[in-house]
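Coordinate-derived values only; no laboratory data. Computed from a predicted structure; not experimentally measured. In this analysis, Cβ positions are derived from the backbone assuming ideal geometry, glycine residues included, and neighbour counts consider all displayed protein chains.
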Amino acid sequence: MAAREWFRQVVATEIGPLLDEYWFDALDKSRAAQQRLIEGL
């Protein structure tokens with residue numbers, strides 16, 4: 001597995017759910033943060 005794909009998977013399965021919990025009342029903010037992480041590759 002390539003490093004980029006691995007990082008995308010980590011964002012989707014580990015970091016994303018934590019951000020969703022943190023910003024439970026602003027999921028759009030969580031999704032935007034996740035997208036910025038992925039775009040930063």
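For PHE24, indicate whether it is at negative phi and either surrounded by 11 or more Cβ atoms within 10 Å (Cβ to Cβ) or under 8 Å from the mean Cα position of the chain (by Cα) (or both). Taking the combined requirement at face value, the residue does not satisfy it.
Every listed requirement among (1) loosely packed, with under 10 Cβ neighbours inside 10 Å; (2) of a type in the set (A, V, I, L, M); (3) in contact (Cβ under 8 Å) with a residue 12 or more places away in the chain is met by VAL11 save one, (1). Considering region 27-37, the residues that are within 11 Å of ARG8 (Cα to Cα) and in contact with a helix residue (DSSP H, G or I) (Cβ under 6 Å, 6 or more places away or on another chain) include one that is surrounded by the fewest Cβ atoms within 10 Å (Cβ to Cβ), namely LEU37.
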